[in-house]
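Note sheet for the following structure.
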Amino acid sequence: MKMVIVLLTLFCSQAFAANECFSTYRVHNFTEATNTSVTIQTRDGDYHLELGFCSELPFAHQIGFDSFSSNVCWGDNLLVLDNFSNRVIESCHIFSINKATTAP
């Protein structure tokens, strides 16, 4: 039993290490929005977010983030905003964030 707990701990710590965070102040656009993922463009590069099912995201013109700090990390929420009133119409849990790699 102890072996399983150690392996799960190692697996989980590696999974969390793969996740990145980015500053909300550096975000300037989002693209490639589907029901379960979106690419966030920042001044530091692009970040690919894997989300829970988010039915309104493919139609969104505005998004925001619900975070405990000025950084968006795994576990925070992406907010889909109404185009006219800026009210939140959907909140989508962020399961992972990975910085996009650029081809040489």
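Rule-based calculations on the coordinates, nothing more; no lab input. For clarity, every value in this text was computed on a predicted model and none was experimentally measured. Please note: Cβ atoms are built from the backbone with ideal geometry, for glycine as well, and neighbour counts cover all protein chains shown.
Within the stretch 70-104, the set of residues being charged (D, E, K, R) and over 20 Å from Glu32 (Cβ atoms) comprises Asp82, Arg87.
Matching residues to (1) without any contact (Cβ under 8 Å) to a residue 12 or more places away in the chain; (2) within 17 Å of Tyr25 (Cβ to Cβ):
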{"site": "Gly52", "(1), (2)": "no, no"}
{"site": "Ser70", "(1), (2)": "no, yes"}
{"site": "Leu79", "(1), (2)": "no, yes"}
{"site": "Ser85", "(1), (2)": "yes, no"}
{"site": "Ile94", "(1), (2)": "no, no"}
{"site": "Ile97", "(1), (2)": "no, yes"}
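Applying the condition of being in contact with a strand residue (DSSP E or B) (Cβ under 6 Å, 6 or more places away or on another chain) and in a loop (DSSP other than H, G, I, E, B) to the stretch 75-104 and asking which residue is farthest from Cys21 (Cα to Cα) yields Asp82. The criterion of being closer than 17 Å to Phe95 by Cα, assigned to a loop (DSSP other than H, G, I, E, B), over 13 Å from the mean Cα position of the chain (by Cα) and of a type in the set (Phe, Trp, Tyr) does not hold for Phe53.
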